[in-house]
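**Student:** Below are the structure tokens for one structure; questions will follow.
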Amino acid sequence: MPPRKGKKKADANDPIPPATTSNLNTGDLYARLAQSVVPTDELAAKIQCLDVALAKARIGIGKINILKLENRLTFGVYNDRPEKTTEINKMLTSFESHGIQAFTEVNALPIIIHRSRLSPDQTFDANWNQPETLINVRITDAEEIVLASGQHRVAALKKMYQSYLDEFITYSQHLKQLEDLATHTDMHFEDHAAIQDRMVKVKGHIDHDGEWGVILYDEDVLLADGLELAQHLSRNQSLHVYKETVEEVLVSTLRNLLDEYQRGGEEAMMKALELEFSKPAKEKNSKITRVLKNTRLVMTLVKDVLPMGPHYRHRHEFSVNWLYKAISVTMGMYAIYMSTNVEVFRRLASKDTFPTVAQKTVHMFALF
């Protein structure tokens with residue numbers, strides 16, 4: 001049996017000496033591991049520097065009346081953000097759910113303007129916590145006003161204003177119909193008084209809505225070193241914001257479908273619905289998808305229930321969970337029931353005659 005080979009002895013001439021035990025004891029090792037390095041966040045530091053520079057370009061704060069302003073508002077000069085109907089409808093839903101918060105710093109419209117265009121006798125040192133201190137910004141010319149962002153807020157406000165105008169016209173027509181009747185009952189007088197009360201509120205919105213808080217930035221200072229500051233100002237909030245509820249998503253989607261229906265009929269609405277299904281899976285909610293897959297239900301909600309007004313938004317007709325559970329049980333009959341109720345309300349508010357039982361029966365069978 002050949003002798004076992006022993007370990008090779010270290011040779012001073014070997015290029016790589018064998019591993020040896022370190023003189024560093026365990027305590028020193030733990031001491032080295034416990035040390036830390038202060039982290040650096042270059043992106044956050046850069047954004048902070050830009051925010052400091054923005055503060056130097058800030059003239060002050062005030063307010064403008066978007067609906068009565070003679071100057072044209074221009075967006076998209078420093079970003080390529082297109083105006084989207086979906087975002088406008090989300091903003092409208094927010095207005096209805098939380099009110100129009102026009103005089104808060106987070107919702108203020110950023111205006112980029114030369115100081116020379118502002119009335120020289122104005123000071124813009126108001127406080128957001130005291131909205132009554134905000135003064136109307138007076139501009140000395142009729143040239144366009146450039147805004148860094150806020151186009152969807154402005155579009156939503158204009159859309160809501162138009163809906164109030166349409167509502168006021170409808171009420172005026174109803175009043176005229178009542179006044180033209182040959183005889184008047186107590187119910188007619190009650191209806192007349194109720195419509196007048198509602199018209200007063202709508203007129204209040206028409207006359208007073210439109211004012212919005214603004215932050216004024218000096219164009220010369222902002223653009224002194226290029227477009228970087230203006231582009232930074234035009235960015236939306238980069239941090240996470242609490243997401244909208246599934247009901248808000250549903251109502252916003254139905255609003256988009258209603259817009260398409262009014263623009264191009266059922267065919268356009270169905271194309272918009274197909275586009276909704278083509279969205280990436282990460283943007284979808286399974287319950288909302290199931291609700292939108294029920295074409296008869298969607299048609300009823302869009303054409304009949306949604307136009308009834310915001311007071312319907314808190315009923316179970318717009319509860320995603322309720323619709324999701326009821327679809328496979330009695331949703332077909334309930335969709336007909338919803339349409340019938342809406343039709344009754346419409347006829348009660350007009351001079352149209354009610355259909356006979358035979359006509360209604362034929363209509364119901366046609367739905368099936």
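The values are calculated or read from the model by the stated rules, or taken from the named source; none is laboratory data. From a predicted model like this one, the values you see are computed outputs, not experimental measurements. Positions of Cβ are backbone-derived with ideal geometry, glycine not excepted, and every protein chain shown enters the neighbour counts. For the accessible areas, the whole protein counts, side chains as well, though only heavy atoms, and no ligand, DNA or RNA atoms are used. Shrake-Rupley method; radii C 1.70, N 1.55, O 1.52, S 1.80 Å.
**Student:** Which ones in the range 79-93 are open to solvent by 40 Å² or more (accessible area, probe 1.4 Å) and touching a residue at least 40 places away in the same chain (Cβ under 8 Å)? Reasoning before the result, please.
**Tutor:** Taking the range 79-93 first, the residues open to solvent by 40 Å² or more (accessible area, probe 1.4 Å) are 80-87, 90-91.
If the condition is that a residue be open to solvent by 40 Å² or more (accessible area, probe 1.4 Å) and touching a residue at least 40 places away in the same chain (Cβ under 8 Å), then R81, E83, K84, T85, T86, E87, K90, M91 are the ones that fit.
**Student:** Looking at the range 134-150, can you tell me whether even one residue there is touching a strand residue (DSSP E or B) at 6+ places or on another chain (Cβ under 9 Å) and without any contact (Cβ under 8 Å) to a residue 60 or more places away in the chain? First the steps, then the outcome.
**Tutor:** The first filter runs over the range 134-150 and keeps only residues touching a strand residue (DSSP E or B) at 6+ places or on another chain (Cβ under 9 Å), leaving 134-140, 144-150.
From the residues that got through so far, the ones that are without any contact (Cβ under 8 Å) to a residue 60 or more places away in the chain too are 138, 140.
Yes.
**Student:** Give me the residue from the range 274-290 that is assigned to a helix (DSSP H, G or I) and open to solvent by 80 Å² or more (accessible area, probe 1.4 Å) and, out of that set, modelled with the lowest pLDDT. Write out each step before concluding.
**Tutor:** As a first pass, look at the range 274-290 and keep what is assigned to a helix (DSSP H, G or I): 274-277, 281-283, 286-290.
Narrowing further to those that are open to solvent by 80 Å² or more (accessible area, probe 1.4 Å): 274-275, 281-283, 286, 290.
On the way: E274: 87, L275: 84, A281: 54, K282: 46, E283: 54, S286: 81, R290: 86.
Ranking the candidates gives K282 first.
**Student:** For D225, state whether it is outside any helix (DSSP H, G or I), open to solvent by 30 Å² or more (accessible area, probe 1.4 Å) and either at pLDDT 85 or above or within 26 Å of V154 (Cβ to Cβ) (or both). Before you say what the answer is, go through the steps one by one.
**Tutor:** Values: outside any helix (DSSP H, G or I): yes; open to solvent by 30 Å² or more (accessible area, probe 1.4 Å): yes; either at pLDDT 85 or above or within 26 Å of V154 (Cβ to Cβ) (or both): yes.
Yes: the conditions hold for D225.
**Student:** Surrounded by fewer than 16 Cβ atoms within 10 Å (Cβ to Cβ), at pLDDT below 95 and at positive phi: does that describe G99? Break it down stepwise before answering.
**Tutor:** Details: surrounded by fewer than 16 Cβ atoms within 10 Å (Cβ to Cβ): yes; at pLDDT below 95: yes; at positive phi: yes.
Yes; evaluated as a whole, the condition is true for this residue.
Quick grid of which residues meet (1) of a type outside the set (A, V, I, L, M); (2) part of a strand (DSSP E or B); (3) exposed (fewer than 14 other Cβ atoms within 10 Å of the Cβ):
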position	(1), (2), (3)
V146	no, yes, no
H152	yes, no, no
A155	no, no, no
Q162	yes, no, yes
E167	yes, no, no
Y171	yes, no, no
H174	yes, no, no
A182	no, no, yes
F189	yes, no, yes
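**Student:** Next question, about the same structure. Would you confirm whether any residue within the range 207-217 is part of a helix (DSSP H, G or I), open to solvent by 70 Å² or more (accessible area, probe 1.4 Å), among the charged types (D, E, K, R) and closer than 25 Å to M160 by Cα? Before you say what the answer is, go through the steps one by one.
**Tutor:** To start, the set of residues in the range 207-217 that are part of a helix (DSSP H, G or I) comprises 207-208.
Subset that is open to solvent by 70 Å² or more (accessible area, probe 1.4 Å): 208.
Subset that is among the charged types (D, E, K, R): none.
Looking for residues that are part of a helix (DSSP H, G or I), open to solvent by 70 Å² or more (accessible area, probe 1.4 Å), among the charged types (D, E, K, R) and closer than 25 Å to M160 by Cα, one finds none in the range 207-217, hence no.
**Student:** Which residue is nearest to N256 (Cα to Cα), if the candidates are limited to the range 291-315 and must be modelled with pLDDT of 75 or more and exposed (fewer than 15 other Cβ atoms within 10 Å of the Cβ)?
**Tutor:** Taking the candidates together, the pick is P307.
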